[in-house]
Structures are given as structure tokens and as C-alpha cells.
1. Can you name every residue in segment 1-25 that is touching a residue at least 24 places away in the same chain (Cβ under 8 Å) and closer than 19 Å to residue 85 by Cβ?
2. What residue, among those in segment 139-166 that are over 21 Å from residue 95 (Cβ atoms) and in contact with a helix residue (DSSP H, G or I) (Cβ under 6 Å, 6 or more places away or on another chain), is surrounded by the fewest Cβ atoms within 10 Å (Cβ to Cβ)?
3. Quick one: which helices (runs of 4 or more DSSP H) sit completely within segment 56-145 and have at least 3 residues that are within 22 Å of residue 44 (Cβ to Cβ) and within 16 Å of the chain's Cα centre (by Cα)?
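Any read-out appearing in this document is the output of simple, stated calculations on the displayed coordinates, not a laboratory observation. Remember, it's a predicted structure, so these values are computed and weren't measured experimentally. Note that we place each Cβ from the backbone using ideal geometry, even for glycine, and neighbour counts take in every protein chain shown.
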């Protein structure tokens, strides 16, 4: 929000920008759901669908770190929310029930709280402060851990699928 306030100090301009931003977010979510999700699931599978969101977040977080512009800030947020509402959610639905339940009930909320605490820690509570673009390192690290979990899950998922097929 600070990036938006800096770029659009007038309330009306900020409101117009935010309405455009959320419209683009919704359109991207629908477009990914209709065009990309079926292709990824058909040709690459649900595990690949789960990898799309953290990979895109890593790409845009790096871009934001190196060029802290409103565009890359918005691209990072859109890649997070639009992909969460579309391909990530559809991929979770294709997973085995137990893994999906853990992700929905525990994993998502735990990481959301942990992320909020880390942001407050590094921007408010520690004697030194980290700028928002510097938090991109944290975002990239979390996404790398996220990808590692997905790859571990992939091994278990493939074993279960092979067992069910025999």
C-alpha cells in the first residue's frame, strides 16, 4: 500500500488505481483458470500446477528487489493472489484428500501468520530495519522452501497414484 500511496498521493487517483488493480487481478485469475490451468493439468499434472505460483512469485520478487517499482510490486501481488485463486486451488483439489486438508487447514494459515510476523519483525520490531524491497530475499527463500515441499509431496503422490493404479 505504501507504494501505491507514493505513486498516487491523491485519494481519487489511488482509488482508481486500486480498482483497476483488483479488476486486473480478477481477470488474470479467470484467464489462468480458463486457459492455463487445464493445459498444465492435462500435460504436466497437479504437482506442476502447484509449482506455478511459487515460481512466479520468485521471479517477480527478484524483479522487485532489483527494481522497486509499483509495476513489479503489483505483478508480485497479482502472481500471488491470481494464481492462488486459480491454478493453485485447482491443483490442490486434485491432490489426495489428506494432503489437501493439511494444506488448507494448517499449512496456508501457518505460513500466513509466520510471514506476517517476519514482516513485522524486520520492518518494525528489530533495532535495525529492512526495506520492503529487501524483504524479497525472504519471499524468495520461503518460495524455495515451498517448492521443496511440493517436490517431496510429488514423490509421495506418485507412489500413491502407482499403488492405486495397480
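1. The answer is 21, 24, 25.
2. Residue satisfying both the conditions and the ranking: 140.
3. In segment 56-145, 70-83, 89-94 are the helices (runs of 4 or more DSSP H) which contain 3 or more residues that are within 22 Å of residue 44 (Cβ to Cβ) and within 16 Å of the chain's Cα centre (by Cα).
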